[in-house]
Structure formats: C-alpha cells, structure tokens
Amino acid sequence: MLPQDGHVHSQFSWDAIAGGDMHATCARAVAIGLRSLAFTEHVDLTPWALHGRDLPAHYTGRVDEHGRFLAQPLAIAAYLEEVDRCRRAFPALRILSGVELSEPHRHPGAVPGLLAAAGLAGTGGLDRVIGSVHALDDVPTGGRHTDAAGFVEVVDGYLQRAPVDVVVAYLEEVTALAGSDADFAVLGHIDYPLRSWPEAAGPVPWPALEEAFRVALGALASSGRALEVNTRLPLSPRVVTWWHEAGGQAVVFGSDAHRPDDLAHDFVETAAMVQAHGFRPGAVPHEFWGRA
Ligand SMILES: [Zn+2]
Ligand SMILES: [Zn+2]
C-alpha cells in the first residue's frame with residue numbers, strides 16, 4: 001500500500017497556478033491507489049532579492065520597490081472551499097487540508113493573521129502544517145541585517161557561496177526553524193538545496209555535510225516534530241539513518257507535486273528504503289510512519 005502523500009500543491013499555490021489542479025490530483029490519487037493526500041499550499045512570507053535577474057515564468061507575485069519578489073498570498077478561503085468540494089467528490093479518499101509555511105520562525109504573528117482571515121483560530125484548524133526553508137541570507141546586502149533585501153531563494157544562494165556552504169547555511173536555517181516554537185508539525189524537504197546542486201561541483205560531499213545534517217535532525221527530533229522524506233530527489237538513505245540515530249519518532253512522505261502527474265512520485269521505492277532504515281507504516285494511511 002502506498003503511504004500518504006503528505007506534500008502536494010494545487011492551483012492555490014503561487015508557483016502552481018498554471019499546472020496545479022486539485023480535482024484532477026484527487027482523480028489521479030484514486031487511479032493509482034493512493035488512499036490519502038494533503039494539499040499543503042505555499043505560504044511564503046519571505047521576500048527574495050532578485051538582483052535584477054528575471055523571474056522564472058511560473059512565479060506569480062509582485063516585485064517590490066527594493067527589487068524583491070513577493071509571492072502571491074494564499075487565497076485560503078477559496079482553497080478551503082475547493083478542499084470541501086473535492087472531499088464530497090472523492091469520499092473514499094482521505095483529503096487533508098494544510099499549508100507549507102516558508103521560514104515561519106522569521107515571521108511570528110503573520111501566520112495567525114492569515115488563518116484568522118479564513119475564520120480559523122490557528123493552524124489547529126488545518127490538518128497538516130509543514131515548515132520549510134526556501135531562503136538564505138543574501139550575502140551582498142548583509143543578509144537579514146538590512147531592510148532592503150535580506151534573503152535570496154536557495155537556488156540563487158549558489159551564486160553567492162561555495163556549494164558546500166550553501167547546504168551548510170541551509171541546514172543552519174533548518175536548525176533555527178526546528179528549534180523555534182513556530183506552529184508546524186513536519187519539516188519539509190531537508191535536502192532542498194541538493195535539488196540545485198551544481199553539476200560542475202561533482203558528487204555531493206556527504207562527509208563534509210554530515211555534522212550539519214545531524215545537528216538539524218537532532219534539533220528536529222528534540223522538538224517532537226516529524227521528518228518529511230521528499231521524493232522530488234531520491235533522499236540519501238543515510239539521512240534516514242541519521243534521523244533514526246537522532247531519536248526521530250516519525251516520518252512522512254511527500255512528492256511535492258505541483259501537477260497531478262507527479263503525485264506519489266517514486267513512493268514504492270522510497271517506502272521500501274525508509275522501511276529498511278528503521279521505520280514502519282502507521283495503522284492507517286493518513287498517520288505518520290513510526291519507529292520500527
Ligand atoms: Zn518547499
Ligand atoms: Zn512544496
């Protein structure tokens with residue numbers, strides 16, 4: 001049985017407006033035998049310095065007076081209505097509502113306002129809340145210490161730092177997020193910077209990254225939150241082993257699909273890998289996996 005896909009985007013995410021389709025994603029879930037999924041739409045509150053570079057074509061948002069990109073806000077009321085429609089259309093599918101909060105530890109207070117606007121008392125009104133890091137300090141402008149710039153998207157971080165330093169800086173930000181009291185249950189894609197690892201840098205030098213991974217995983221385990229195994233890239237099994245050794249209690253799978261065809265991508269192989277490294281399925285498909 002496929003595990004739940006706990007990280008899916010639809011047309012309500014600012015970078016999936018063209019390709020995302022909640023109803024078609026649910027139909028796809030039924031067709032492939034997936035029993036549960038969570039629509040975790042982007043809530044990105046961190047502006048990204050563009051340094052004059054063009055926006056990728058699929059970005060929806062605005063560029064502010066400092067030349068920074070600000071993602072289009074989530075229309076949460078319309079999103080929740082579509083979740084309700086899909087729940088009625090696909091009664092056998094367990095559909096979880098949710099959000100993917102970007103750097104929520106840097107925006108205390110902003111998320112409760114967004115949720116209150118939709119009539120929710122807090123993230124407790126959503127089934128699944130992912131906390132993710134997508135941004136690093138912008139090196140040329142002095143990072144978070146200035147008002148006018150502050151951050152860059154991780155892919156642009158490779159234009160400012162050596163590849164290993166990008167990943168280490170990312171994991172330091174993950175450690176800060178995991179150690180914060182931000183309201184989220186699952187850490188998204190701990191290997192996110194490896195998606196844009198430069199080919200010219202050769203294979204990923206895992207020994208140079210192990211300590212930073214272990215520190216981040218330790219902070220996450222201490223917080224009691226779950227680790228997501230994101231299948232956009234095959235996660236290195238050593239990260240699952242380190243999570244187990246850190247005392248991590250729970251694992252969630254996430255395809256991070258931004259269009260229906262990518263739902264549950266590589267889940268069969270990845271579930272087998274995670275099961276071989278110390279974790280086991282929950283009693284029902286929408287539960288986290290636990291320690292074996
Ligand atoms: Zn993400
Ligand atoms: Zn995502």
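Here are the numbers:
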quantity	calculated
Selection count where residues are more than 16 Å from ligand 2 (Cβ to nearest atom) and over 18 Å from V284 (Cα atoms), scope the range 22-41	6
Tabulated pairs, the range 83-109, first without any contact (Cβ under 8 Å) to a residue 12 or more places away in the chain and over 15 Å from D256 (Cα atoms), second assigned to a strand (DSSP E or B) and more than 15 Å from ligand 1 (Cβ to nearest atom), C-beta under 6 angstrom, 6+ apart or interchain	R87/I95
Top-ranked residue in the range 188-219 [being surrounded by 24 or more Cβ atoms within 10 Å (Cβ to Cβ) and of a type in the set (A, V, I, L, M); ranked as nearest to the chain's Cα centre (by Cα)]	I190
Residue that is farthest from ligand 2 (Cβ to nearest atom), among those in the range 252-272 that are outside any loop (DSSP other than H, G, I, E, B) and open to solvent by 30 Å² or more (accessible area, probe 1.4 Å)	A272
Of residues in the range 202-235 being in a loop (DSSP other than H, G, I, E, B) and β-branched (V, I, T), the one farthest from D262 (Cα to Cα)	V204
Any chance D84 is open to solvent by 10 Å² or more (accessible area, probe 1.4 Å) and in a loop (DSSP other than H, G, I, E, B)	no
Any hit, the range 95-118, residues being in contact with a helix residue (DSSP H, G or I) (Cβ under 6 Å, 6 or more places away or on another chain), open to solvent by 20 Å² or more (accessible area, probe 1.4 Å) and at pLDDT below 95	yes
Answer residue from the range 4-45, given it is assigned to a loop (DSSP other than H, G, I, E, B) and touching a Leu at 6+ places or on another chain (Cβ under 9 Å) and is farthest from ligand 1 (Cβ to nearest atom) among those	G33
Pair list, Cβ under 9 Å, 6 or more apart: the range 1-13 residue surrounded by fewer than 24 Cβ atoms within 10 Å (Cβ to Cβ), other residue in a loop (DSSP other than H, G, I, E, B) and small (G, A, S)	M1/G33; L2/G33; L2/A264; Q11/A18; Q11/G19; Q11/G20; F12/G20; F12/A75
Flag for G247 being under 17 Å from I190 (Cα atoms), without any contact (Cβ under 8 Å) to a residue 40 or more places away in the chain and not acidic (D, E)	yes
Number of positions in the range 41-62 that are in contact with a strand residue (DSSP E or B) (Cβ under 9 Å, 6 or more places away or on another chain) and either open to solvent by 80 Å² or more (accessible area, probe 1.4 Å) or among the small types (G, A, S) (or both)	4
Test: D262 is over 20 Å from H134 (Cα atoms) and within 16 Å of ligand 1 (Cβ to nearest atom)	yes
Enumeration of residues in the range 236-251 that are of a type outside the set (K, R) and in a helix (DSSP H, G or I)	P237, V239, V240, T241, W242, W243, H244, E245
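The values are calculated or read from the model by the stated rules, or taken from the named source; none is laboratory data. The shown structure was predicted, so the numbers you read here are calculated from the model rather than taken from an experiment. Please note: Cβ atoms are built from the backbone with ideal geometry, for glycine as well, and neighbour counts cover all protein chains shown. Protein only, heavy atoms only, side chains kept; ligands, DNA and RNA dropped before computing areas. Shrake-Rupley method; radii C 1.70, N 1.55, O 1.52, S 1.80 Å.
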